[in-house]
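In what follows, a single structure is set out as structure tokens and then discussed.
The values are calculated or read from the model by the stated rules, or taken from the named source; none is laboratory data. For clarity, every value in this text was computed on a predicted model and none was experimentally measured. Please note: Cβ atoms are built from the backbone with ideal geometry, for glycine as well, and neighbour counts cover all protein chains shown. Accessible surface is based on the protein model in full, side chains and every heavy atom, while ligands, DNA and RNA are left aside. Shrake-Rupley method; radii C 1.70, N 1.55, O 1.52, S 1.80 Å.
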Amino acid sequence: MPSQDNLYARVSDFEAMEADLKATRHHLHAHPELSFEEAETARYVADKLEGWGYDVTRSVGGHGVVAVLKNGTGTRSIGIRADMDALPIEEETGVAYASTVPGKMHACGHDGHTTVLLGAAEYLAETRRFNGTVTLIFQPAEEAGKVSGAQKMIADGLFDRFPIDAIFGLHNHPGMPAGTLLTRPGPIMAAGDTVRITIIGKGGHASRPHLTVDPVLIACNLVMTLQSIVSRNVDPTQTAVVTVSTIHAGEASNVIANTAKIAMSVRSFDPAIRSFLEERIRKLTASVAEGHGATAEIDYEHGYPVVVNSEKETAFAQAVAEELVGAENVATCPLLPGSEDFSYFLQHRPGSFLRLGNGKDSAILHSSGYDFNDGSLTTGAAMWARLAERYLDQ
């Protein structure tokens, strides 16, 4: 059973705040802003935090907001992060608070992530039952894919300007009941790389293929070869994904084009496997192209690194979660092949990235029918508040 003590935040403490949390989340949902465009979202967040007495710094690494609240004589500092940006997707949820901006929507739940941290912020400011420093990080541009908000905030001196001993974050998790929490020590989310390959052959008339070097044929051979990397070159006990997602070549049915282009997504959970995948992709691409008398150009774009949770901080977060909602409502998170730029924060400070249940029937992330589950708002806010209180009470 959840802890019944009154020393730290409980989900029931946020029941009176639930209507306000929903109103905040719905406002954010109706006014989405894409990566690097979060000016109004950042203003909305910063204004609330200043009204609650936080020392707020705006425009950290772009539209980032950092809010600091100190209490007592404790020297420890905890950092908690929420992302704020939306996605370029036309919303099809039909909810009353649907996006008012054509072609943009909160299809990943960052409106909910921001709301639960704001809820915790208000509670901590009112109760002040902690001894030390709470540093709340509202991050832009998590969806950027590269040169993201986390990277920009770090480059803007985040950890130098705002001393933090450990950092925590969360993401909603469709498929798990609302209000449940998931943790996992070590790797939890994958490194995500994007590869673009151009096969350069020799075009000509489709009726005389023997006079050409057909890049379409080569591209098809290459796809089959690349798909063998994981099944035949990676240890079965490791997890990796190589997915060729697009092939483009030519316009006319009677013309063999000069070039064919392939785009692919590469996911891995181990730095050595990540390097190995790149090596094999480069070698096989060059070999297949050369074997058919063509050449290949490779644009290998390294995306976010693996999210690696610290053992100690994850065990601590799991203990807090079990106190809050009961061990029966805390699960081990499976390895997730998606990527997250929270990984950059964890390269600088120990910490843990959690998952918050979004409902068993939730639409998938990044889909036009997705919506953050309001039933998880009080649990998310209580988790952050209790985590801060408990961490600073050690």
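Might you let me know whether segment 32-53 holds any residue that is modelled with pLDDT of 95 or more, within 28 Å of Q394 (Cα to Cα) and small (G, A, S)?
yes
Please work out which residue is surrounded by the fewest Cβ atoms within 10 Å (Cβ to Cβ), limiting yourself to segment 65-110 and to residues that are polar (S, T, N, Q) and within 19 Å of L28 (Cα to Cα).
Ranking the qualifying residues of segment 65-110, first place goes to T100.
Per-residue answers, yes or no, for (1) in contact with a Leu (Cβ under 7 Å, 6 or more places away or on another chain); (2) buried (at least 18 other Cβ atoms within 10 Å of the Cβ); (3) small (G, A, S):
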{"residue": "Y8", "(1), (2), (3)": "no, yes, no"}
{"residue": "A23", "(1), (2), (3)": "no, no, yes"}
{"residue": "E38", "(1), (2), (3)": "no, yes, no"}
{"residue": "A42", "(1), (2), (3)": "no, yes, yes"}
{"residue": "H63", "(1), (2), (3)": "no, yes, no"}
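Identify all residues within segment 369-378 that are open to solvent by 10 Å² or more (accessible area, probe 1.4 Å) and in a helix (DSSP H, G or I); write none if there are none.
D374, G375, T378
Evaluate the following for Y54: is it without any contact (Cβ under 8 Å) to a residue 40 or more places away in the chain, touching a Leu at 6+ places or on another chain (Cβ under 9 Å) and buried (at least 17 other Cβ atoms within 10 Å of the Cβ)?
No: the conditions fail for Y54.
What number of residues in segment 10-21 are open to solvent by 10 Å² or more (accessible area, probe 1.4 Å), in contact with a Leu (Cβ under 8 Å, 6 or more places away or on another chain), of a type outside the set (A, V, I, L, M) and not in a loop (DSSP other than H, G, I, E, B)?
Qualifying residue count, segment 10-21: 1.
What residue, among those in segment 127-161 that are out of contact with any Leu (no Cβ under 7 Å at 6 or more places or on another chain), part of a helix (DSSP H, G or I) and of a type outside the set (A, V, I, L, M, F, W, C), is nearest to F345 (Cα to Cα)?
Q151
I'd like the full set of residues that are under 24 Å from H248 (Cα atoms) and touching a Phe, Trp or Tyr at 6+ places or on another chain (Cβ under 9 Å), limited to segment 263-297.
Within segment 263-297, V266, E278, I281, R282 meet the criteria.
Within segment 66-80, restricting attention to residues that are of a type outside the set (A, V, I, L, M) and closer than 12 Å to I167 by Cβ, which residue is farthest from the chain's Cα centre (by Cα)?
S77
Just checking, how many residues over segment 250-287 are more than 15 Å from V306 (Cα to Cα), touching a Leu at 6+ places or on another chain (Cβ under 8 Å) and open to solvent by 20 Å² or more (accessible area, probe 1.4 Å)?
1
Looking at segment 220-249, which of the residues that are among the polar types (S, T, N, Q) and without any contact (Cβ under 8 Å) to a residue 40 or more places away in the chain is farthest from G186 (Cα to Cα)?
Selected residue: T246.
Condition first: under 21 Å from the mean Cα position of the chain (by Cα), open to solvent by 20 Å² or more (accessible area, probe 1.4 Å) and under 25 Å from R76 (Cα atoms). Now tell me which residues in segment 111-151 satisfy that.
Q151
Of everything in segment 195-219, what is over 15 Å from G293 (Cβ atoms), in contact (Cβ under 8 Å) with a residue 24 or more places away in the chain and open to solvent by 70 Å² or more (accessible area, probe 1.4 Å)? Give them in sequence order.
Within segment 195-219, R196, H205, S207 qualify.
Conditions (1) touching a residue at least 24 places away in the same chain (Cβ under 8 Å); (2) surrounded by fewer than 20 Cβ atoms within 10 Å (Cβ to Cβ); (3) outside any strand (DSSP E or B), marked per residue:
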{"site": "A296", "(1), (2), (3)": "yes, no, no"}
{"site": "T314", "(1), (2), (3)": "yes, no, yes"}
{"site": "L324", "(1), (2), (3)": "yes, no, yes"}
{"site": "A331", "(1), (2), (3)": "yes, yes, no"}
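I'd like to check something: does segment 348-358 contain any residue that is part of a loop (DSSP other than H, G, I, E, B), at pLDDT 95 or above and within 19 Å of K146 (Cα to Cα)?
The answer is yes; a qualifying residue exists.
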